[in-house]
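Asker: Here it is, the structure in full.
All of the numbers you see were taken from the coordinates with simple rules; none came from a lab. Computed from a predicted structure; not experimentally measured. Backbone-built Cβ (ideal geometry, glycine too); neighbour counts: all protein chains shown.
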């Protein structure tokens, strides 16, 4: 009986010492990209002794704010909250959490420049805003455009006609478009015909590329700010519309399973990604912060990790991501400063691919 009591006390202690984190998934269940973000985060939470609660923002800034307000009003609040800010209500979201004294970490830089400037940087205006986990969306847009142009140049020496599908009217989409334009400017004989907002919709993208092909004639390259929109363009190409170029070079951003499969089959040129790990990286830093590591620096403006391109050069290495992945195979402790005794993070995707390809 004495030993049973000791074991019970130990179990209760371990459970009580777990870090309580709530992640507001900005989308809805069933969204390929965000489902994978959540699955990876849950695997990381298991490794890091974190109790992870997932709630959903339903692809809407109003519902996202409601989710934040609900967490803030709880009698027992989480130790940390992870969420993606939305244009138009970031100030009220941040103020709500600040007033509730909930430490929070934001993922991605999705805000328009004016709103980003207004909320400032972590711990400057809001002391409970510990830090950001973000990548460079401009570089992502440039990487994709460079790959599409390079692929097209293997067959076309003359002028290239390029169409672009942007997402919503957000900072995230704008930054990716900025990278696209940077790429186009450095290449000769590339005509960017038009940038059309498809609002991240596969369905809209199907009709948009058809309409653009009818207006401009043969389109050589279709750049899309997300995989979903790139797949919408591909749907239109495969449907056999006479106006749509069957040899169009298409690419997107997100590393979705279907997009990786289409790179393998050479239906897509490339997909850019790596941000499926962003919530997991947030948990790694939260874990280290909880171990008294100085990982969240006031006023920090440095990106957390890089995105990478999957194309014909590395598809065999990355194709495992198109399959059902057991994320529990990865020990996320190998990324913590606590375990590695390192002074800086090494969020290197190759470390993960080495494990998954074993």
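Asker: Mind giving me the nanometre distance, one decimal, between the label points for residue 207 and residue 125, set 7 Å out from Cα along Cα→Cβ?
Answerer: 3.8 nm
Asker: Using a 10 angstrom cutoff on alpha carbons, build the Gaussian network for the chain and name the most mobile of 239, 201, 27.
Answerer: Ranking 239, 201, 27 by mean-square fluctuation puts 239 first.
Asker: Under 10 Å, Cα contacts only: if you run a Gaussian network model on the chain, which one of 187, 210, 135 comes out with the highest mean-square fluctuation?
Answerer: 187
Asker: Where in the range 48-75 does the label zone of residue 168 land, with the point 7 angstrom along Cα→C-beta and an amide N cut-off under 19 Å?
Answerer: Within reach of a label on residue 168, which here means backbone N under 19 Å from a point 7 Å along Cα→Cβ, the range 48-75 contributes 55-70.
Asker: Which ordering of 204, 176 is given by a fewest-first count of other beta-carbon atoms within 10 Å? It would help to have the intermediate numbers written out before the result.
Answerer: Numbers: 204 17, 176 29.
Lowest to highest Cβ neighbour count: 204, 176.
Asker: While we're looking at this one, here's another question. What's the exposure ranking of 325, 269, going from fewest to most Cβ atoms within 10 Å? Could the numbers behind the result be given before it?
Answerer: Numbers: 325 17, 269 26.
So the residues, fewest neighbours to most, are 325, 269.
Asker: May I pose another question? How much length would be gained if the chain were fully extended between residue 89 and residue 313, taking 0.36 nm per residue of separation minus their Cα-Cα distance, in nm to one decimal? Write out the running numbers ahead of the final one.
Answerer: On the way: separation 224, 0.36 × 224 = 80.64 nm, distance 4.17 nm.
Here the segment from residue 89 to residue 313 would lengthen by 76.5 nm.
Asker: Any idea what angle helix 2-17 forms with the longest principal axis of the chain, computed on alpha-carbon atoms, 0 to 90 degrees, nearest 10?
Answerer: 50 degrees
Asker: I want to make sure I understand the PRE zone here: with the label point 7 angstrom from the Cα of residue 46 toward its beta carbon, which residues in the range 318-358 have backbone N atoms less than 19 Å away?
Answerer: Counting only backbone N, you get 321-336, 352-358.
Asker: Pick from 315, 209, 177: which is most flexible by mean-square fluctuation in a GNM of the chain where alpha carbon atoms under 10 Å apart are linked?
Answerer: Among 315, 209, 177, the largest GNM mean-square fluctuation belongs to 315.
Asker: Alpha carbon centre of the range 127-153 versus the range 216-249: separation in Å?
Answerer: Each part's Cα centre sits 22 Å from the other's.
Asker: Expected output is a single nm value to one decimal: the length gained when fully extending between residue 293 and residue 116, i.e. 0.36 nm times separation in residues minus the C-alpha distance. What is it?
Answerer: Values: separation 177, 0.36 × 177 = 63.72 nm, distance 2.67 nm.
Gain in length upon complete extension: 61.0 nm.
Asker: Quick one: if the Förster radius is 51 Å, what FRET efficiency do residue 193 and residue 70 give, using the C-beta to C-beta distance and rounding to 0.05?
Answerer: Values: r = 45 Å, r/R0 = 0.88.
For R0 = 51 Å, the calculated efficiency reads 0.70.
Asker: Suppose the chain between residue 340 and residue 265 were pulled fully straight at 0.36 nm per residue; how much longer would it get relative to their current alpha carbon spacing?
Answerer: Details: separation 75, 0.36 × 75 = 27.00 nm, distance 3.88 nm.
Full-extension gain reported as 23.1 nm.
Asker: Nearest-5 percent of antiparallel DSSP beta bridges in the chain? Please list the in-between numbers first.
Answerer: Values: 3 of 38 bridges.
Beta bridges within the chain, antiparallel portion: roughly 10 percent.
Asker: Sort 241, 56 by Cβ crowding within 10 Å, fewest neighbours at the top.
Answerer: On the way: 241 15, 56 18.
Taking fewest neighbouring Cβ atoms as first place, the list is 241, 56.
Asker: Compute the acute angle (0 to 90°) between the alpha-carbon long axis of helix 32-47 and the principal axis of greatest extent of the alpha-carbon atoms of the chain; round to the nearest 10°.
Answerer: Once rounded, the angle reads 30 degrees.
Asker: Mind checking the angle between helix 61-72 and the chain's longest principal axis? C-alpha axes, 0 to 90 degrees, to the nearest 10.
Answerer: 10 degrees
Asker: Roughly how many Å is it from the Cα centre of the range 287-320 to that of the range 72-120, as a whole number?
Answerer: Answer, in whole Å: 21.
Asker: Another question, if that's okay. Which FRET efficiency, nearest 0.05, do residue 17 and residue 182 yield, Cβ-Cβ r, R0 41 Å? Could the numbers behind the result be given before it?
Answerer: Details: r = 48 Å, r/R0 = 1.16.
FRET efficiency, residue 17 to residue 182: 0.30.
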